[in-house]
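Q: What follows is a structure written as structure tokens; I'll ask about it next.
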2 protein chains.
Amino acid sequence: MLSKSCIYGIQATIYVAANASQEFVPISQIASELKISFHFLTKVLQQLTQEGLMNSYRGPKGGVALAKPATEITLYDLIGAIDGTSIFTECMLGLPGCGIAEPCPAHEHWTKIRNELTVIARRLTLETMAKKAGELNVRLTDEFRYAQRLFPSIKPINGAQA
Amino acid sequence: MLSKSCIYGIQATIYVAANASQEFVPISQIASELKISFHFLTKVLQQLTQEGLMNSYRGPKGGVALAKPATEITLYDLIGAIDGTSIFTECMLGLPGCGIAEPCPAHEHWTKIRNELTVIARRLTLETMAKKAGELNVRLTDEFRYAQRLFPSIKPINGAQA
DNA sequence: CAGATTTCAGACTCTTTTGTCCAAAATAAG
DNA sequence: CTTATTTTGGACAAAAGAGTCTGAAATCTG
């Protein structure tokens, strides 16, 4: 569904958004907390800065930060910046120009799903996901936390208890 | 979204289902009409026969045929046989065990989409898609037909005009 | 039986994705 | 100015996906 690059990018961006206290968050910190290869994540985040979703800063106290308020970045933006928007537009069978005029046999059904996916991705903001990530039982990585805070450095935003 | 193998498998199966007159359809015929590499398609269809969705027969007059009536094979079966069912079950961020207890930040939204996709894929039968494929303006490949029948050997099933 | 047809099985190549590594450029702090 | 930190950029390797090819096994036809 989503590429590894895209998944890492989404996870990292949520992490940065949830970590509102730091101005610039070093990629090394993100990588170690999310258990992602540092060098690989570096490239992914470079792409997000090139797409204008993040700002970066070199040197000590440097790192990456959101280029816009978390309310103005959506899941759609993140996916589009890394994997491209083809998931939201393409035919299930990959047929170019599949539409009402010359559809594939599954066109109408797939279109329905695709449109709902698009609506949801456009509505789901980074702020919403970051708030979720601050809740006790919600996680960003494959590690279960079981009532422990996985990222002690991140304070719960939405009144979730630690 | 779907792998090339899976797309080819779906296209080929629809073709076979739409081609109800032939008992066994040679893979070479499917490959040439759908413009798919013969050897590659061979492997994909082999997988479908191993999964019990198709029967195959060697030698002259041989080829592949549906192992079950087209009403009893769904899009879900085809995808599951080639790409596996992970699309229908997995977390958007790929987190193992992502569920109500320990969800990812996008869990509830993605679950909604995923469930609808599952319902649609389970309901969409090969018969329905094959009927569609028999209609004049519907196509299985990236070639537009523009009011020409792309596969003259296949007769329209559902009263579509040629 | 001989020859033609077709699937089966495996080896092989090419491309894309994923992951690793290293040196250079920018910046902060002493 | 020097050193440590951090992103940038590119090269490189490993793994997976996509596609090609060859020979063997099965089966029909004559």
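Q: Take segment B:23-45 and flag every residue that is touching a residue at least 12 places away in the same chain (Cβ under 8 Å), in a helix (DSSP H, G or I) and more than 11 Å from DNA strand D (Cβ to nearest atom).
A: The answer is B:I27, B:Q29, B:I30, B:E33, B:L34, B:L45.
Q: Of a type in the set (K, R) and on the phi < 0 side of the Ramachandran plot: which single residue out of A:K61, A:K43 fits that description?
A: On the way: A:K61 fails: on the phi < 0 side of the Ramachandran plot.
Answer to the selection: A:K43.
Q: Just checking, which of A:R114, A:R123 is among the charged types (D, E, K, R), loosely packed, with under 15 Cβ neighbours inside 10 Å and touching a Ser or Thr at 6+ places or on another chain (Cβ under 9 Å)? Give the derivation first.
A: On the way: A:R114 fails: loosely packed, with under 15 Cβ neighbours inside 10 Å.
Just a single option satisfies the conditions, and that option is A:R123.
Q: The conditions are (1) free of Cβ contacts under 8 Å to residues at least 40 places away in the same chain; (2) in contact with a Cys (Cβ under 6 Å, 6 or more places away or on another chain), and A:I82 fails exactly one of them. Which is it?
A: All conditions pass for A:I82, except number (1).
Q: What's the total number of residues in segment B:46-86 that are part of a helix (DSSP H, G or I), surrounded by 15 or more Cβ atoms within 10 Å (Cβ to Cβ) and either within 11 Å of DNA strand D (Cβ to nearest atom) or modelled with pLDDT under 95 (or both)?
A: Here the count works out to 1.
Q: Here is a further query. Go through (1) open to solvent by 30 Å² or more (accessible area, probe 1.4 Å); (2) within 14 Å of DNA strand D (Cβ to nearest atom) one by one and return the number of the condition A:T13 breaks.
A: Evaluating A:T13 over (1) open to solvent by 30 Å² or more (accessible area, probe 1.4 Å); (2) within 14 Å of DNA strand D (Cβ to nearest atom) leaves (1) as the failure.
Q: Could you list, in sequence order, all residues of segment B:123-132 that are under 12 Å from the mean Cα position of the chain (by Cα) and not polar (S, T, N, Q)? Write out each step before concluding.
A: Here is the first cut: in segment B:123-132, the ones under 12 Å from the mean Cα position of the chain (by Cα) are B:124-130.
Selection gives B:L124, B:L126, B:E127, B:M129, B:A130.
The values are calculated or read from the model by the stated rules, or taken from the named source; none is laboratory data. Everything numeric here is computed off the predicted structure, so don't read it as measured data. Ideal geometry is used to build each Cβ from the backbone, glycine not excepted, and the neighbour counts take in all protein chains shown. Only protein heavy atoms, including side chains, enter the accessible area calculation; ligands, DNA and RNA are left aside. Shrake-Rupley method; radii C 1.70, N 1.55, O 1.52, S 1.80 Å.
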